[in-house]
Amino acid sequence: MQNVIALRPREYISQLGLPFFGIVLLAAVPLVAKDEYIRHLTLIGMLFGAQAMVSDFTIGFINISNFGFAAFFGLGAYTTGILTTQYGISPWVGLLAGMLMSGLLGVFTGVLTMRLRGLYVSIMAWFMALALQALTLVMVKVTRGAWGLFVNPMFTSESILPSFYTLLLITILIYIVIKTIIESRIGLAFRAIGMDVDYARASGVNPTRYKMVAFTLSCAFAGLLGAFYAHFIGILTPEVMGTQRTVEIIALNVIGGRGSVWGGLLAALLVIPLFEYLKSLMAIRLIIYGALLVTVMVFYPAGMAGLIWSAGDMLKRRKVE
Amino acid sequence: MDFPLIWNTLLVGLLRGGLYSLIAIGLSILLGVMSIISMMNGELYMIGAYIAYFSFTAFKMNPLAAIFMAAVGTFLVGVVIERGPFRYMRRRAGEDWYLNSFLLTVGLSFLLRNAAVLLWKPTYRGIRWYWGGTVTIFGSVGISVDRLVALLIAILSITALQLFLHNTNIGRAIRAVSQDERGAMLAGINIGNIFTLSFAIACMMGGIAGASMLSITPAFPYMGTAPNNYAWLVVMLAGLGNVSGAIVGGLIVGMVEAISFQLIGEGWPAVISAVILIIVLVVKPSGIFGSAVKGVWER
C-alpha cells in the first residue's frame with residue numbers, strides 16, 4: 001500500500017518538507033513585516049486559506065461539495081458570539097462550542113443525505129445555509145439580525161500578533177489532522193470513494209461511514225474557524241452565511257488545486273491580499289473569482305498545486321537521470 | 001384573512017409556481033440529458049429579464065416581441081456556453097463529471113451575476129406594465145392582465161416543450177439521449193448537437209420566465225438567486241430529471257412560498273423550504289414522482 005502512494009509526485013514534494021517550510025515562512029511574516037496592514041492581510045488570507053483547506057477535505061477527497069459551507073462557518077461564529085456576549089463564557093470555550101455546533105449540524109445534514117449521491121448533500125447543505133441565514137436575519141432578539149452582533153475580542157492587547165499566532169496554530173492543527181487522516185488507511189478509503197464509489201463499495205469500503213467522518217470533521221473545522229473569525233472581526237452580520245462566501249471558498253479551493261489540502265491556503269495567501277486593493281470594486285473582484293474558477297475548471301483542473309506537482313515531477317526526473 | 005387576500009395569495013402562488021416550473025424544467029433537462037447539476041439557471045432568468053427590459057424600453061418593442069427576444073437571446077447564450085466551456089470540459093470528462101460540471105456552473109453563475117452588476121449597476125430596472133389594466137373575476141376580485149399573460153406564457157411554454165419532446169424527431173432524440181447516451185449514439189443521433197440544443201432550451205426556459213415576469217419583478221443583477229433556489233427545491237421535490245413532475249412540484253412550491261410568506265412573514269419561506277427538503281429526504285429521497293429516470297442518474 002505504501003508503494004502505491006509513494007509513486008505519486010505529491011509525495012516527493014511533501015518529502016522536501018515544503019509544508020514545513022511554508023509554515024515557517026508564514027510564522028515569520030509578522031517578524032519581518034512591521035506594517036500592521038500587511039500582517040492583517042496575511043491573517044485574512046490565512047483565514048480564507050484555512051477554510052479552503054477544510055472545504056478541500058470534502059471536495060478533493062470524497063467528491064462532495066459542501067454548498068452551504070459559509071453557514072457552518074457562520075453557525076460557529078454566531079454560537080461563540082451569543083455565548084460570550086450573553087452568557088459571559090470565555091472565548092476559548094466559545095471556540096470549542098462553535099466547533100461542536102457546526103459539527104452537530106454537519107452530522108444532522110450527513111445523516112439525512114450521506115446514503116445518497118453527492119448532489120443531495122450539496123443541495124441539502126445549501127438549503128440549510130439559506131434557512132440559517134434567514135433565521136439569523138429574522139431572530140433579531142438573539143442575533144440582532146442585520147444590525148450586527150458585537151463580539152468581544154479574544155485578546156485584550158492592541159497588537160494583532162496573538163490573533164495571528166492563534167490562527168496559525170489552528171491552521172497547522174487542521175492541516176495535521178486532515179493530513180494524518182488522508183495518509184492513514186482511512187485516507188486510502190477516502191481516495192477510493194472519490195475515484196469510484198461503486199468500486200470502493202465492492203472492495204468492502206463503507207462509503208457512508210467514511211463520508212460521514214470527513215463531512216462532519218470538515219463542518220466542525222468550519223465552525224472552529226468561524227468562531228475565531230467572530231472574535232477577530234468583532235461584528236457578525238447574516239452575510240457571513242451567504243452563498244457568495246461559500247463560492248469564494250470553493251473558488252479558492254479549486255484555484256489552489258483540489259485534493260492537495262495546502263493548495264487552497266497557497267491560493268488564498270496570493271489572491272486575498274491582491275483583492276484587498278480591489279475592495280472598492282467588489283464586482284470586479286467577484287468577476288475575477290468567477291473567471292478564475294471557470295478557467296481553472298476548463299483548462300487546468302489540477303490548479304496551482306498541479307503546477308507545483310508537475311514542477312516537482314520534472315525535478316525528480318532530472319534527479320533520476 | 002378576507003376573501004380577496006386569500007384569492008390574491010393563491011394567485012401569487014400559482015404565478016410563482018408557473019415560474020418555478022419553467023426554471024425547474026430547465027434544471028431537469030440539464031440533469032436528465034447532460035448530467036449537469038446547474039446553479040446558473042437563475043442567472044439566465046436575470047439575463048432574460050434584462051433583454052426584455054431593453055427591448056421593451058429602449059427599442060419600444062411590442063411586449064410579446066420583447067419576450068420573444070429574451071427567449072432567443074437566452075437560447076443563444078445557452079449555445080455559446082455549451083459550445084464553449086462545457087464542450088471543452090466534456091473532452092476530459094471522467095468519473096467526477098458531476099462535481100466538475102457543478103463547479104463550472106457555480107463559476108459561471110458568479111461570473112454572469114457580477115458582470116451584470118458591473119454592466120448595469122445594482123439598480124432595479126422595472127417597467128410598470130406590459131399591457132396594463134385588470135380583469136375582474138367573481139365580481140370583486142381583480143387580476144392584472146400582466147399576471148394573467150405571464151401565467152399563460154408559462155403554461156404555453158411548458159405545453160409546447162412537452163409536445164416538442166414527445167412528438168417530434170428531435171424531441172425524441174433528446175429523450176433517447178437522456179435514457180441511454182451510448183445507445184442513442186449507436187442509433188445515429190448526433191450527441192453533440194443534442195447536448196447543445198438541450199442546454200440552450202434549458203437556458204431559454206429561464207429566460208422566458210424572467211422576461212414574462214418583468215412587470216412584476218424588475219430586472220436586477222441578484223434577482224436570479226431566489227428563483228434558482230426554489231427551482232432546485234422543485235427538482236428535489238419532483239424527482240431528479242423528471243420533466244413532468246416539475247410542473248406539479250412548481251405549483252406546490254409556489255403555493256407553499258406564497259402562503260408561508262403571507263401567514264408567517266419574510267425569512268420563513270427559506271426555513272420552510274429546508275424543512276420540506278428534510279421531509280422529502282427522510283420519506284422519499286427520489287422525490288414524489290421520482291423513479292422513471294432514476295437509471296440515468298444512478299449511472
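The values are calculated or read from the model by the stated rules, or taken from the named source; none is laboratory data. Computed from a predicted model, the values in this text were never measured in an experiment. For neighbour counting, all protein chains shown are included, and Cβ atoms are generated from backbone atoms with ideal geometry for every residue, glycine included.
Find the residue count for the range A:113-155, including only residues that are surrounded by fewer than 20 Cβ atoms within 10 Å (Cβ to Cβ), under 17 Å from A:A227 (Cα atoms) and of a type in the set (A, V, I, L, M, F, W, C).
Counting residues in the range A:113-155 that are surrounded by fewer than 20 Cβ atoms within 10 Å (Cβ to Cβ), under 17 Å from A:A227 (Cα atoms) and of a type in the set (A, V, I, L, M, F, W, C) gives 3.
Identify, please: which residue in the range B:189-220 is outside any helix (DSSP H, G or I) and crowded, with 24+ Cβ neighbours inside 10 Å and is, among those, farthest from the other protein chains (Cβ to nearest Cβ)?
Filtering the range B:189-220 for residues outside any helix (DSSP H, G or I) gives B:189-190, B:213-220.
When the remaining residues are screened for being crowded, with 24+ Cβ neighbours inside 10 Å, the result is B:213-214, B:219.
Working: B:M213: 21, B:L214: 23, B:A219: 16 Å.
Ranking the qualifying residues of the range B:189-220, first place goes to B:L214.
Can you pull out every residue in the range B:98-127 that is in contact with a helix residue (DSSP H, G or I) (Cβ under 8 Å, 6 or more places away or on another chain) and either among the charged types (D, E, K, R) or more than 7 Å from every other protein chain (Cβ to nearest Cβ) (or both)?
Listed by number, the residues that qualify are B:S101, B:S109, B:L112, B:R113, B:A116, B:W120, B:R125, B:G126, B:I127.
Rundown of residues vs (1) within 18 Å of A:D56 (Cα to Cα); (2) more than 10 Å from chain B (Cβ to nearest Cβ), yes/no style:
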| site | (1), (2) |
| --- | --- |
| A:G264 | yes, yes |
| A:I288 | no, no |
| A:M297 | yes, no |
| A:A311 | no, yes |
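Being more than 10 Å from chain A (Cβ to nearest Cβ), among the hydrophobic types (A, V, I, L, M, F, W, C) and either out of contact with any Ser or Thr (no Cβ under 9 Å at 6 or more places or on another chain) or touching a residue at least 24 places away in the same chain (Cβ under 8 Å) (or both) is the filter here, so list the residues in the range B:82-97 that pass it.
B:W97
Just for helices (runs of 4 or more DSSP H) wholly inside the range B:52-158: which have at least 1 residues that are modelled with pLDDT of 85 or more and farther than 23 Å from B:M205 by Cα?
B:97-120
Only one of (1) over 20 Å from the mean Cα position of the chain (by Cα); (2) closer than 20 Å to A:G256 by Cα; (3) surrounded by fewer than 20 Cβ atoms within 10 Å (Cβ to Cβ) is not met by A:R317, so which one is it?
With (1) over 20 Å from the mean Cα position of the chain (by Cα); (2) closer than 20 Å to A:G256 by Cα; (3) surrounded by fewer than 20 Cβ atoms within 10 Å (Cβ to Cβ) applied to A:R317, the lone miss is (2).
How do the pairs read when you match residues in the range A:180-203 that are more than 13 Å from every other protein chain (Cβ to nearest Cβ) with residues anywhere that are buried (at least 16 other Cβ atoms within 10 Å of the Cβ) and hydroxyl-bearing (S, T, Y), using Cβ under 9 Å and keeping only pairs 6 or more apart or on different chains?
A:I186/A:Y210; A:A189/A:Y210; A:F190/A:Y210
For B:N242, indicate whether it is buried (at least 18 other Cβ atoms within 10 Å of the Cβ), more than 27 Å from B:I6 (Cβ to Cβ) and either more than 12 Å from chain A (Cβ to nearest Cβ) or modelled with pLDDT of 85 or more (or both).
So B:N242 fits the description; yes.
With the requirement that a residue be part of a helix (DSSP H, G or I), small (G, A, S), within 30 Å of B:R182 (Cα to Cα) and modelled with pLDDT of 85 or more, what does the range B:3-45 give you?
Within the range B:3-45, B:S21, B:A24, B:G26, B:S28 qualify.
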